[in-house]
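First comes the structure, then the notes that go with it.
The values are calculated or read from the model by the stated rules, or taken from the named source; none is laboratory data. Worth saying up front: this structure is predicted, and the values here are computed from it rather than measured. Because the Cβ atoms are built from the backbone with ideal geometry, glycine has one as well, and the counts that use them run over all protein chains shown. Accessible surface areas use protein heavy atoms only, side chains included; no ligands, DNA or RNA. Shrake-Rupley method; radii C 1.70, N 1.55, O 1.52, S 1.80 Å.
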Amino acid sequence: QVHMVESGGGLVENGGSLRLSCAASGDIVSITVMGWHRQAPGKQRELVATTTNDGDPKYTNSVKGRFTISTELAKNTVYLQMNSLKPEDTAVYYCTMLISTSTEGSFSRYWGQGTQVTVSS
């Protein structure tokens, strides 16, 4: 059993910053990929940023240079530092991880509960 807890969302003014956190706990053997997705009202969920456990971050074009994904592997935690926020960044942000709960090595995708980020204009 794996439990994911997100925190750090909120309301911020245009140009402001927020830092999201997501911690996984439970019967975790290994984590290979950590990332963040977001879903704005009336839109499909989209990938924002992703990284691997050996550090290979990738970003969607709209957030490059403004968002930074990082990890604290010892705590099974992924962060998303969001700077220069814009109203179009308003969405529910979901963390996701590829986690193995057994020594056999099969991985499953787990999702956080989502945290609202609202950027006022």
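Structure data summary
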read-out	value
Extended-chain gain in nm, criterion 0.36 nm per residue less alpha-carbon gap, residue 11 and residue 121	38.5 nm
Relative contact order of the chain, pairs being alpha-carbon contacts under 8 Å that are 6 or more residues apart, as %	35
In nm, spacing of pseudo-spin labels at residue 70 and residue 52 (7 Å Cα→C-beta vector)	2.2
q = 0.17, 0.23 Å⁻¹: log10 I(q)/I(0) that the Debye formula gives for the chain, counting C-alpha atoms only	-0.79, -1.33
For region 1-62: relative contact order, % (alpha-carbon pairs under 8 angstrom, 6 or more apart)	23
Per-residue ³J(HN,Hα) for region 27-40, Karplus 6.51 cos²θ - 1.76 cosθ + 1.60, θ = phi - 60°, Hz, x for Gly and Pro	7, 9, 9, 7, 10, 10, 10, 10, x, 10, 10, 9, 9, 8
Accessible area per residue, Å², region 12-121 with all protein chains present, probe 1.4 Å	52
Under 16 Å from residue 75, Cα to Cα: aspartates and glutamates that are on another chain or at least 8 residues apart	6, 27, 54
Computed FRET value (nearest 0.05) for residue 19 with residue 104, which takes r as the C-beta separation and R₀ as 30 Å	0.30
Reachable lysines from residue 64, criterion Cα separation under 19 angstrom, eight or more residues apart if same chain	86
Where labels lie 7 Å past Cα in the beta-carbon direction, separation of residue 83 and residue 3 in nm	3.5
Distance from region 4-35 to region 44-121 (C-alpha centre basis), Å	7
